[in-house]
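Beneath this line is the structure, given in structure tokens, with notes to follow.
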Amino acid sequence: ACEEDAVNTESTPAEKAEEKPVFDKELFKRSILYNVMNMYRKNLEEATPQQIFQAASYSIKDRVIGNWMNTQKAYEKEDPKMVYYMSMEFLMGRALGNNMINLEAYQGAKEVLEELGLDINVIEDQEPDAALGNGGLGRLAACFLDSLATLGYPAYGCGIRYRYGMFKQEIRDGFQVEVPDNWLAEGNPFELRRPEYAKVVKFGGHVSVRCDENGRNHFVQEGYQAVRAIPYDLPIVGYGNGIVNTLRIWDAESMGGFQLDSFDKGDYSKAVEQENLARNLVDVLYPNDNHYAGKELRLKQQYFFISASVQEAVEKYMRKHDDIHRFPEKVTFQLNDTHPTVAIPELMRILLDEYNLGWDEAWDITTRTCAYTNHTIMAEALEKWPIDLFSRLLPRIYQIVEEINRRFVQQIEEKYAHVYNVNVQEKIRKMAILYDGQVKMAHMAIVAGYSVNGVARLHTEILKSEELRDFYEMFPERFNNKTNGITQRRFLLHGNPLLAQWVTEKVGDSWITDLPQISGLKKLADDAEAQKEFMEIKYQNKLRLAKYIKEHNDIEVDPNSIFDVQVKRLHEYKRQLMNILHVMHLYNELKAHPDMEFFPRTFIFGAKAAAGYRNAKLTIKLINTVADVVNNDASIKGKIKVVFIENYNVSNAEIIFAAADVSEQISTASKEASGTGNMKFMLNGAITLGTLDGANVEIVEEVGRENAFIFGLSSNEVIHFENNGGYDPMQIFNTDADIRKVVNQLIDGTYSADKELFRPLYNSLLNTLSTNRADTYFILKDFKSYAEAQKKVEAAYRDRSGWAKSAILNVACSGKFTSDRTIQQYVDEIWHLDKVTLQQNG
Ligand code: F58
């Protein structure tokens, strides 16, 4: 009955408040008890925490499902334009707590569980993270889905249902060990298998040309191997608005039996190969962060989920429309980095081969549909596929890429042939999609996209002036910036309930969907009472983290010490090595001057290293080794503690951000495209210690330089050194005794009986024998200024009231960094979607 009038019903705020369904606690309680009995034939007392988690999740799913149906019906009826956010990664984390939060059912559910004698945290802890991503890029996709649903925009996330997500990290003898993440072992209560939307994806074989009766050529792929793509849908619950969008992740299944096409009938070995292809395809997420590995299976994964998603988008559109030419009025594809870029030739293929459009028509549709986000300027992260691999795996797609390239090269020639001072061949060398035996995915994404965006202002400016300069010159109107953001629903409301409650008491709860309202806290920054309350909350959160560290690391940390935190993927450009070298330096100082003034510090690290990244893994070992020495040296009286938190992930991140005093954002300027951890710390009242890199620049702009600790080379200085042959770390090593001492300690047995163990790290800083320039990431160059900034941190922390003021101002000025703002900018400036509103009913 509610379907007809479900959409766009205007109501006054007062009516809205009345309309809001209240969470029915009695129903939830009965539902849990029923589910435990029905699923496990047990009473609550007999059920395990995992079983109760499952039961509670199904109860919450019951609440979600009606809204999900209503939302999808409203979309059917209104036929709004949709964004398909195409991404190899969605780092969702846990769903139960998040869904309860967004249903505004968290408090009620907590009370129900309490009445049943259960702790909601224990129940939430039963859920494995959905870790279908590496780091920033994957978590950004997850935050975007949350914001899209909360703002009421029609959206699909399209991705892969990896059977194993990001590996679990164990630390053994100080070394990282990767353990498979079997996240589906107990099943996923929130997912829905949708076999009715299965698609067939074809790999390999060859392309034949057939001429039809009208003399038109048709291209058909023959002798291929096929895989069936089966979608699983996950609900994406908007906050308090009844909207539920869909994250659709694809599983691969074999075609079953020997259903090869007629050409291959009876080819037994091919049939076996086809079985195997399906079996391995979606097994595992590649665990590289900001590094391109170039594995054949990775390209297969890309084409697999893209082909299935693009086929579905076109079919869905054609179920309601008859004119494919108007596709871009209803559909837009946002490509999350270059990984989904085969969407461009795949859409072209469908339009050319299945809808028989001419090239120009198909190109017009494709270029009005696809938009591309760049997340890195690091050369080693840029995707370049060998042409032989690409053309063998995707023969028809490759033909289309060749034609896109041929036309683009022609366009370059036309534009520059007669321009004084321009070497056309040089332009082609730098810009072509196919060059030197490689397919350059970023070039294809720019040439075929109607929008190219960077993820923070500085990053976008560097794209325009350096890395993508030639493309910016040719297509300036395509380039735009969308500074990243994070969802305050997970990273404050769920992750830091004490601070969330305090903020709401002070400024009301509108910040939950309108983060800039949090600026109401500014007027309290000088208020002694507010400062005290704030510091008490921080203290409670530090106790919570201290307890976690005691349980997981068996290390005692002092909650009155400064919690100085660096949590993010391990990469040389992020400079965890500089951080730990500085800890080694402080330790040297304390040993040399036992009575020096020193405010106790806890240095907290959390980071996964890509499995094959030697220096990253060695840095983890170094941190743990330093921790062992420092933590067990009674002579420094516990003034320094070093903690490496095992298996840093979305769930423990929430606990870590809430407890941080200092947020380490110390990448080599120009290298971190944006960063998003920096924003999560800020929102939780930690003060940034960082370089002017990525979004740090904008954070400082919002909060004021006096409320952050900024140090180091600027991005212009770094770029200048790089363009002029680097700098000489030896000179610093030779002239600065403090630096020389810590660098030598890497190889003199201070930290390891095996003096050669850390030699590769030592070499990375000094040795010109390595293929790279020495100290590529300017660690020695920035060390002094980092150490000075750290001194200022200590002095500032001694002034408790001053610190509290700065920390409160950080929270108060974090409004810009909500992903709600980012998504609104994507909508206004790239996607042009309309909001859908629903009437809510129970
Ligand atoms: C990150 N990239 C950026 N890539 O490094 C970070 O500055 C930015 O805030 C974030 O994206 C969101 O825009 C990143 O996380 C990856 O993990 C890729 C995974 C797949 C292989 C290549 C790197």
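The values are calculated or read from the model by the stated rules, or taken from the named source; none is laboratory data. Values in this document were obtained by computation on a predicted structure and should not be read as measured data. All Cβ positions, even for glycine, are placed from backbone atoms using ideal geometry, and neighbour counts span all protein chains on display.
For the range 715-749, enumerate the residues that are polar (S, T, N, Q) and either surrounded by fewer than 18 Cβ atoms within 10 Å (Cβ to Cβ) or over 21 Å from residue 589 (Cβ atoms) (or both). Within the range 715-749, 715, 716, 723, 724, 731, 734, 735, 744 qualify. Considering only residues of the range 478-503 that are of a type in the set (D, E, K, R) and farther than 18 Å from residue 514 by Cβ, which is farthest from the ligand (Cβ to nearest atom)? Here the answer is 478.
Yes/no matrix, rows are residues, columns are (1) more than 16 Å from the ligand (Cβ to nearest atom); (2) at pLDDT 95 or above; (3) closer than 30 Å to residue 823 by Cβ; (4) among the hydrophobic types (A, V, I, L, M, F, W, C):
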site: 424; (1), (2), (3), (4): yes, yes, no, yes
site: 430; (1), (2), (3), (4): yes, yes, no, no
site: 434; (1), (2), (3), (4): yes, yes, no, yes
site: 447; (1), (2), (3), (4): yes, yes, yes, yes
site: 455; (1), (2), (3), (4): no, yes, yes, yes
site: 462; (1), (2), (3), (4): no, yes, yes, yes
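Does the range 330-343 contain at least one residue that is modelled with pLDDT of 95 or more, away from the ligand (no atom under 16 Å from the Cβ), in the same structural domain as residue 184 (by TED's automatic domain parsing) and of a type in the set (Asp, Glu)? Taking every residue of the range 330-343 in turn, none turns out to be modelled with pLDDT of 95 or more, away from the ligand (no atom under 16 Å from the Cβ), in the same structural domain as residue 184 (by TED's automatic domain parsing) and of a type in the set (Asp, Glu).
The set of residues from the range 36-83 being β-branched (Val, Ile, Thr) and within 27 Å of residue 369 (Cα to Cα) comprises 71, 83.
Within the range 816-842, restricting attention to residues that are surrounded by fewer than 21 Cβ atoms within 10 Å (Cβ to Cβ) and closer than 19 Å to residue 678 by Cα, the residue that is nearest to the chain's Cα centre (by Cα) is 821. Criterion first (more than 30 Å from residue 368 (Cβ to Cβ), assigned to a helix (DSSP H, G or I) and in contact (Cβ under 8 Å) with a residue 60 or more places away in the chain) does residue 815 satisfy it? Yes. The numbered conditions (1) in contact (Cβ under 8 Å) with a residue 12 or more places away in the chain; (2) under 17 Å from residue 234 (Cα atoms) are all true for residue 69 except (1).
Would you mind stating whether residue 379 is away from the ligand (no atom under 16 Å from the Cβ), small (Gly, Ala, Ser), without any contact (Cβ under 8 Å) to a residue 24 or more places away in the chain and surrounded by fewer than 22 Cβ atoms within 10 Å (Cβ to Cβ)?
For residue 379, the condition - away from the ligand (no atom under 16 Å from the Cβ), small (Gly, Ala, Ser), without any contact (Cβ under 8 Å) to a residue 24 or more places away in the chain and surrounded by fewer than 22 Cβ atoms within 10 Å (Cβ to Cβ) - is not met.
If the condition is being of a type in the set (S, T, N, Q) and either outside any helix (DSSP H, G or I) or in contact with a strand residue (DSSP E or B) (Cβ under 6 Å, 6 or more places away or on another chain) (or both), then the range 510-552 contributes only 513. Quick one: would you say residue 694 is within 21 Å of residue 462 (Cα to Cα) and in contact (Cβ under 8 Å) with a residue 60 or more places away in the chain? Judged against the criteria, residue 694 is a match. I need the full set of residues from the range 117-146 which are over 10 Å from the mean Cα position of the chain (by Cα) and assigned to a helix (DSSP H, G or I), in order please. Answer for the range 117-146, where residues must be over 10 Å from the mean Cα position of the chain (by Cα) and assigned to a helix (DSSP H, G or I): 120, 121, 122, 123, 124, 145, 146.
Taken over the range 651-676, the criterion of being crowded, with 24+ Cβ neighbours inside 10 Å, of a type in the set (Gly, Ala, Ser) and within 16 Å of the ligand (Cβ to nearest atom) is satisfied by 663, 667, 669, 670, 673, 674, 675. Looking at the range 757-778, can you tell me whether even one residue there is surrounded by fewer than 17 Cβ atoms within 10 Å (Cβ to Cβ), basic (Lys, Arg) and within 18 Å of residue 458 (Cα to Cα)? Among the residues of the range 757-778, not one is surrounded by fewer than 17 Cβ atoms within 10 Å (Cβ to Cβ), basic (Lys, Arg) and within 18 Å of residue 458 (Cα to Cα), which makes the answer no.
Set side by side, the residues 468, 492 differ, and just one is closer than 30 Å to residue 405 by Cα and not hydroxyl-bearing (Ser, Thr, Tyr), which is 468. Figure legend. Inter-residue proximity from the range 105-121: first residues without any contact (Cβ under 8 Å) to a residue 24 or more places away in the chain, second residues surrounded by fewer than 15 Cβ atoms within 10 Å (Cβ to Cβ), beta-carbon distance below 8 Å, spacing 6+ or different chains. Indicated pairs: 120/114. Those residues that are within 16 Å of the ligand (Cβ to nearest atom) and not small (Gly, Ala, Ser), I need them from the range 81-128; list them, please. Answer for the range 81-128, where residues must be within 16 Å of the ligand (Cβ to nearest atom) and not small (Gly, Ala, Ser): 85, 86, 88, 89, 90, 91, 92. Taken over the range 587-609, residues that are in a loop (DSSP other than H, G, I, E, B) and in contact (Cβ under 8 Å) with a residue 40 or more places away in the chain amount to 7. In this structure, does residue 72 turn out to be at pLDDT 95 or above, more than 30 Å from residue 304 (Cα to Cα) and more than 16 Å from the ligand (Cβ to nearest atom)? Against the criterion (at pLDDT 95 or above, more than 30 Å from residue 304 (Cα to Cα) and more than 16 Å from the ligand (Cβ to nearest atom)), residue 72 does not qualify.
If residue 531 satisfies every condition in (1) surrounded by fewer than 15 Cβ atoms within 10 Å (Cβ to Cβ); (2) over 30 Å from residue 777 (Cα atoms) but one, which is the exception? The number of the failed condition is (1).
Could you please let me know if residue 805 is touching a Phe, Trp or Tyr at 6+ places or on another chain (Cβ under 8 Å), more than 30 Å from residue 237 (Cα to Cα) and not small (Gly, Ala, Ser)?
Details: touching a Phe, Trp or Tyr at 6+ places or on another chain (Cβ under 8 Å): no; more than 30 Å from residue 237 (Cα to Cα): yes; not small (Gly, Ala, Ser): yes.
Criteria not met by residue 805.
Looking across 161, 139, one residue alone is away from the ligand (no atom under 16 Å from the Cβ) and not hydroxyl-bearing (Ser, Thr, Tyr). It is 161. Of the set (1) small (Gly, Ala, Ser); (2) surrounded by fewer than 22 Cβ atoms within 10 Å (Cβ to Cβ); (3) under 23 Å from residue 408 (Cα atoms), all apply to residue 293 but (3). Among the residues of the range 481-503, is there at least one that is farther than 16 Å from residue 685 by Cα and in a helix (DSSP H, G or I)? No - not one qualifying residue is present in the range 481-503.
Scanning for something on the phi > 0 side of the Ramachandran plot, over 28 Å from the mean Cα position of the chain (by Cα) and either away from the ligand (no atom under 16 Å from the Cβ) or surrounded by fewer than 23 Cβ atoms within 10 Å (Cβ to Cβ) (or both), does the range 355-368 turn up at least one residue? Looking through the range 355-368, at least one residue is on the phi > 0 side of the Ramachandran plot, over 28 Å from the mean Cα position of the chain (by Cα) and either away from the ligand (no atom under 16 Å from the Cβ) or surrounded by fewer than 23 Cβ atoms within 10 Å (Cβ to Cβ) (or both). Out of the range 39-63, which residues are in contact with a Phe, Trp or Tyr (Cβ under 9 Å, 6 or more places away or on another chain) and over 20 Å from residue 108 (Cβ atoms)? Scanning the range 39-63 gives 39, 46, 47, 48, 51.
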